[in-house]
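Below you'll find the structure, written out as structure tokens, and then a few comments.
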């Protein structure tokens, strides 16, 4: 993962030297939650995506933070193991659920969210995942290749605006015959 993060840092160097991206560590948890509350409000905990993430750990190596020069957490993104319905043969379709992606409101507009997205997509690809699914602002996520077309036969457990239910295939055709409910998989909290 260090090589991926180094390449993201190099990509960012001409644009900004005000932050770096690194793996989240246990000491970041409180700062991350406080950042999410500031950026998204406490109502975020009621969303369908949050219920899928409840009592789970992020996918291995896919919890990233942006840090300022003093090492403070000023941005975050996590990806979570899910099953994106089942394939035509009845086998579960492994995928990732992205979210939340958040940047300190005082530091928005500096490319940090985009850098976190690129780092997450790059690392998920490097780890051989097949697809990333999210619920988010389509105009923002479309620039990274996300589209609603690949989620047309999938459903979230709970309310979800279909226009905001997006996917990015990291392996071509990964979600072609996926149908059914998004459910949590992966590691549970101890």
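Here's the yes/no breakdown for (1) within 28 Å of residue 37 (Cβ to Cβ); (2) free of Cβ contacts under 8 Å to residues at least 40 places away in the same chain; (3) buried (at least 16 other Cβ atoms within 10 Å of the Cβ); (4) in contact with a strand residue (DSSP E or B) (Cβ under 6 Å, 6 or more places away or on another chain):
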| site | (1), (2), (3), (4) |
| --- | --- |
| 102 | yes, no, yes, yes |
| 105 | yes, no, no, no |
| 127 | no, no, yes, no |
| 132 | yes, no, yes, yes |
| 136 | yes, yes, yes, no |
| 150 | no, yes, yes, yes |
| 153 | no, no, no, yes |
| 165 | yes, yes, yes, yes |
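When the range 67-89 is filtered for residues that are within 11 Å of residue 103 (Cα to Cα) and over 17 Å from the mean Cα position of the chain (by Cα), only 67 remains. Tell me whether the range 42-52 contains one or more residues that are at pLDDT 95 or above and under 20 Å from residue 168 (Cβ atoms). So far as the range 42-52 goes, no, none of its residues is at pLDDT 95 or above and under 20 Å from residue 168 (Cβ atoms). Hey, any hits in the range 90-99 for a residue that's over 27 Å from residue 174 (Cα atoms), surrounded by fewer than 15 Cβ atoms within 10 Å (Cβ to Cβ), over 16 Å from the mean Cα position of the chain (by Cα) and modelled with pLDDT of 85 or more? No: the range 90-99 contains no residue that is over 27 Å from residue 174 (Cα atoms), surrounded by fewer than 15 Cβ atoms within 10 Å (Cβ to Cβ), over 16 Å from the mean Cα position of the chain (by Cα) and modelled with pLDDT of 85 or more. Is there a residue being surrounded by 12 or more Cβ atoms within 10 Å (Cβ to Cβ), under 29 Å from residue 183 (Cα atoms), in contact with a strand residue (DSSP E or B) (Cβ under 6 Å, 6 or more places away or on another chain) and modelled with pLDDT under 90 anywhere in the range 6-18? So far as the range 6-18 goes, no, none of its residues is surrounded by 12 or more Cβ atoms within 10 Å (Cβ to Cβ), under 29 Å from residue 183 (Cα atoms), in contact with a strand residue (DSSP E or B) (Cβ under 6 Å, 6 or more places away or on another chain) and modelled with pLDDT under 90. Take the conditions (1) more than 24 Å from residue 54 (Cα to Cα); (2) without any contact (Cβ under 8 Å) to a residue 40 or more places away in the chain; (3) part of a helix (DSSP H, G or I); (4) touching a strand residue (DSSP E or B) at 6+ places or on another chain (Cβ under 8 Å); residue 115 misses just one of them, which is (2). With respect to being modelled with pLDDT under 95, surrounded by fewer than 17 Cβ atoms within 10 Å (Cβ to Cβ) and out of contact with any strand residue (DSSP E or B) (no Cβ under 8 Å at 6 or more places or on another chain), residue 159 fits the description. Residue 55: modelled with pLDDT of 80 or more, surrounded by fewer than 12 Cβ atoms within 10 Å (Cβ to Cβ) and either more than 30 Å from residue 180 (Cα to Cα) or in contact with a strand residue (DSSP E or B) (Cβ under 9 Å, 6 or more places away or on another chain) (or both), yes or no? Here the answer is yes, as residue 55 does meet what is asked.
Only a single criterion out of (1) at pLDDT 95 or above; (2) part of a loop (DSSP other than H, G, I, E, B); (3) surrounded by fewer than 16 Cβ atoms within 10 Å (Cβ to Cβ) is not satisfied by residue 183, namely (2).
The values are calculated or read from the model by the stated rules, or taken from the named source; none is laboratory data. From a predicted model like this one, the values you see are computed outputs, not experimental measurements. Note: ideal-geometry Cβ built from the backbone for every residue, glycine included; neighbour counts use all protein chains shown.
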